[in-house]
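Q: So that we are looking at the same thing, I have put the structure below in C-alpha cells.
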Amino acid sequence: MSNSTDDYISFSRLSAQLEIDSLVFWLAENPSGVISHLLDRIKFGAKMLGGAGGIKHSIALGHIAVAVGFPNWHGLNAHLTHISASPPNTVSRESITRLAQSLIFLITTCSETSLSTHQDQAFQGFGAKLSAASGLPLEEVMDTVCAGLCGGASWGEVNSRSPLNATSPLYEFEMLDGASKAGRFIWSDACGQLIRSLDDVYQGADTPERIAEAKQWMEKTLRHQPGFLEAGLCLAQIHYDEGNLNEAYVIVKAHIKRAELLIPKGFRGKIEWGFLTNRFYHRLLWLRMTIYHDAEWMLYCLRDARKQLRLNPHDNLGVRDIYPLMLLEVGEFEKAAKASKFPKEDGYHVALIRAFGRFAIGDHPGFLQNLTKALFDLPVLRLLLLDSVHMLPDGDDGFRTVRPDMETLERYIWPAYDAVPGLIEACLQFLAHQSVKDAESQLRTLWMAEEVPDNRSQWYELKSKLATTIPLLLADQFSSPIQ
C-alpha cells in the first residue's frame, strides 16, 4: 500500500522537476482554475490525437485517460470535476496525487528554450503510453500530440530548440514607476535557461580543469549569444583570477556597455540589488572597480564606487566600507573622514576604517577610540596592521562573532594605511603599548574560557570597560602628531 504522504511529496517534487510553478499551492487555493486549464489542455491533446489517427473525439479522450493512469474518460472527468467543485484548501492529498501522470499537460514550453531532461522524459513516457493505448505509432504520437502540446510542428523541431538560437532580446529594462525612481533588468525565458546552464558549469568549479571547462563553455555560448551578460561577467572574472587584467577589463567594459544600452537615456533612479535580475550588473561594476584599483586608475575607481552607492543605497556588496579607504589612498582626507562616519554602524572593521579617517584629519582621540574598538572586536586586525601571521595564540582565529571579508579589506586597507602620513607609526605604537597587549590578553582568556559561566556576557562587559579606559590611558602619547 502506498503512503499518501510519500505520494504527495513525490507529486510536489515531480511538479518542481517539470518546472510547473507553485502547482500544489494553486491546486489548494484555486482548484477550479487549475482544473479548467488542465481540461482545456487534455481536450486539445485529444483533438490532435483524433486528427492524427482519424479517431472520434470521445474515443481519443478515453485513450488519453488511460495514458495518464485512469481506466477511462468517465473516471478521469469525474475525478477532475470533483476537484474543481471543491472549495479552496479542501482537496485531499490523495486526489491531488492521482493527477501525477496528468502533469504533462501543464508543462509550459517556449520556442526559444529547450526542454529540460525531466520534461523530455515525461513527454517520452506519456507518448509511449498514448501510443500503446491508441495503437498509433510512437513517432506519430510524438510528432502530433507531444509536439503540439509544446507548440511545435514536429518532435524533431521541439528537440532542436535551444536558447543559443534565441533571437529575442535576452534582457530588457523596465522602470518600476512613472517617475523613473527605480528600475530593473528582466530576463527572457531563454536567458533564464542560459543562466541555469551557466550555474551548472561554473558554480563550484574549484579545479583548474573544471574552470577551463567552464571558460570554454562561456566562450562558445558568447559566440552564439554575445548579449549573454552573465557569461561575460563570469568570463571576465576568470581572466581576472588568472591575472589577465587587460583581457578581464576589455570583457567587463564591453558587457557593462551592453547592459547600460538597455537603460533608458536620462534614467537616474535606483537599480537595487534586491532584484535578483539586477545583481549581474552590480557585480560587473564591482569587478571593473577592482580592476581600476589594481591598475591604480583611482579617478575611475572612485567613480564606479560612487555609482554603485547611488544605484544601490543599501550597498549589499560593501562598497561603503572601501570607499573611504580609496579616498585616503588619493589624499582626500576630509572626504574620507566624512565617508567613514557610518552613523548606523560601529565596532569591528568599520571602527578601523573610521579610525584611519579620524587620524588623517588629526582627530587623535577619535583615532584611539575607534582603533581600540576595532582591535577588541576583531583581534585579527593586529595581524593585518603588523603584516604578520604569527601573532595569535593557537586555537584563536582572531574573530569575535563577526567575520568580515578580510581579503577585500586587506586589498583596500594597505594602500590607505600607507598613504596617510604617520598612520603606520601610530598604529604600531598603539599595538606595542603594554596596556593594549594586557587588555587583549584578558579579553582573549575570557572569550576562550568555556568553564567560566556566562563568559560571553562577562566578555562584553570587560570589553566595554576597556574600550573606554584604554583610549584615556594612551591619550597623552597621541596628543601631538606622530613624528
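None of the figures in this text is laboratory data; all of them are computed from the coordinates on show. For clarity, every value in this text was computed on a predicted model and none was experimentally measured. Neighbour counts are summed over all protein chains in view; Cβ atoms, including those assigned to glycine, are modelled from backbone coordinates with ideal geometry.
Q: Work out, in µm²/s and without decimals, the Stokes-Einstein translational diffusion coefficient of the chain at 4 °C, 1.567 mPa s, Rh from Kirkwood over C-alpha pairs.
A: 47
Q: What would the Debye formula give as log10 I(q)/I(0) at q = 0.11, 0.26 Å⁻¹ for the alpha-carbon point model of region 302-389, no solvent?
A: Computed log10 I(q)/I(0) values: -0.30, -1.29.
Q: Wrap a convex hull around the Cα atoms of region 165-238, take a quarter of its surface area, and give that in square nanometres.
A: 5.7
Q: Under the Karplus relation 6.51 cos²θ - 1.76 cosθ + 1.60, θ = phi - 60°, what is the ordered set of whole-Hz ³J(HN,Hα) values for region 464-478, x standing for Gly and Pro?
A: 4, 5, 5, 5, 8, 7, 4, x, 5, 5, 9, 4, 4, 6, 10
Q: Still on this model: Pick out, from Tyr300, Gly232, Met289, the residue whose Cα sits farthest towards the positive end of the charge dipole of region 166-317, with +1 on the Cβ of Lys and Arg and -1 on the Cβ of Asp and Glu.
A: Of the candidates, Tyr300 comes out farthest on the positive side.
Q: At 0.36 nm per residue, minus the direct Cα-Cα distance, what do Asp346 and Tyr460 gain on full extension? Give it in nm, one decimal, please.
A: Difference between extended and current length: 39.6 nm.
Q: Also, quick follow-up: Can you list residues whose amide H is under 5 Å from Lys270's amide H, if they're 5+ apart or on another chain and H is modeled 1.01 Å from N?
A: Those qualifying (amide H under 5 Å, at least 5 residues apart or on another chain) are Ala182, Gly183.
Q: Could you calculate the FRET efficiency of Asn246 with Arg306 from 1/(1 + (r/R0)^6), where r is the beta carbon distance between them and R0 is 35 Å, rounded to 0.05?
A: Efficiency, from the Cβ-Cβ distance: 0.90.
Q: Near Gln225, within a Cβ-to-Cβ distance under 12 Å, what is the net charge of the other residues, with Lys and Arg +1 and Asp and Glu -1?
A: Once positives and negatives cancel, what remains is 0.
Q: Give me D for region 335-483 in µm² s⁻¹, whole number, from Stokes-Einstein with Rh from the Kirkwood sum over alpha-carbon pairs, 4 °C and 1.567 mPa s.
A: Details: Rh = 15.7 Å.
Stokes-Einstein gives a translational diffusion coefficient of 83 µm²/s.
Q: Separate question: Using modelled amide H (1.01 Å from N, peptide plane; none on Pro or chain starts), what sits under 5 Å from the amide H of Ile186, excluding residues fewer than 5 places away?
A: Glu172, Phe173, Glu174
Q: Next question. In a solvent-free Debye calculation with one equal scatterer on each Cα, what is log10 I(q)/I(0) for region 166-317 at q = 0.20 Å⁻¹, listed in the order of the q values?
A: So the normalised log intensities are -1.36.
Q: Sticking with this one: Read phi for every residue in region 190-200 and hand back ³J(HN,Hα) as whole Hz from Karplus 6.51 cos²θ - 1.76 cosθ + 1.60, θ = phi - 60°, with x for Gly and Pro.
A: Per-residue couplings from phi come out as 5, 5, x, 5, 5, 5, 4, 5, 4, 4, 4 Hz.
Q: Rg/Rh for region 1-136: what does it come to with C-alpha atoms and Rh from Kirkwood? Mind showing how you got there, number by number?
A: On the way: Rg = 14.8 Å, Rh = 15.5 Å.
Taking Rh as the inverse mean 1/r over Cα pairs, Rg/Rh reads 0.96.
Q: Using the Karplus curve 6.51 cos²θ - 1.76 cosθ + 1.60 with θ = phi - 60°, what ³J(HN,Hα) values do you get for each residue of region 364-377, in whole Hz, with x for Gly and Pro?
A: Couplings: 6, x, x, 4, 5, 4, 6, 5, 5, 4, 4, 5, 6, 6 Hz.
Q: Principal axis extents for region 270-321, Cα atoms only, whole Å, descending order, please.
A: The principal-axis extents, from largest down, are 31, 17, 16 Å.
Q: Which value, in debye to the nearest 20, gives the size of the charge dipole of region 61-162 about its Cα centre, when Lys and Arg are +1 and Asp and Glu are -1 at the Cβ? Please report the intermediate quantities before stating the final value.
A: Working: 4 positive and 7 negative charges, 82 e Å.
Roughly 400 debye, rounded to the nearest 20.
Q: What does the extension gain come out to for Glu174 and Glu213, with contour length at 0.36 nm per residue minus their alpha carbon separation?
A: That works out to 10.6 nm of additional length.
Q: Further, regarding this structure: Sort largest first and round to whole Å: the equivalent ellipsoid semi-axes of region 1-81, each the square root of five times a Cα gyration tensor eigenvalue.
A: Here the semi-axes work out to 26, 15, 12 Å.
Q: Would you please state the base-10 log of I(q)/I(0) at q = 0.11, 0.12 1/Å for region 68-200, with intensities from the Debye formula using one equal scatterer on every alpha carbon?
A: -0.60, -0.68
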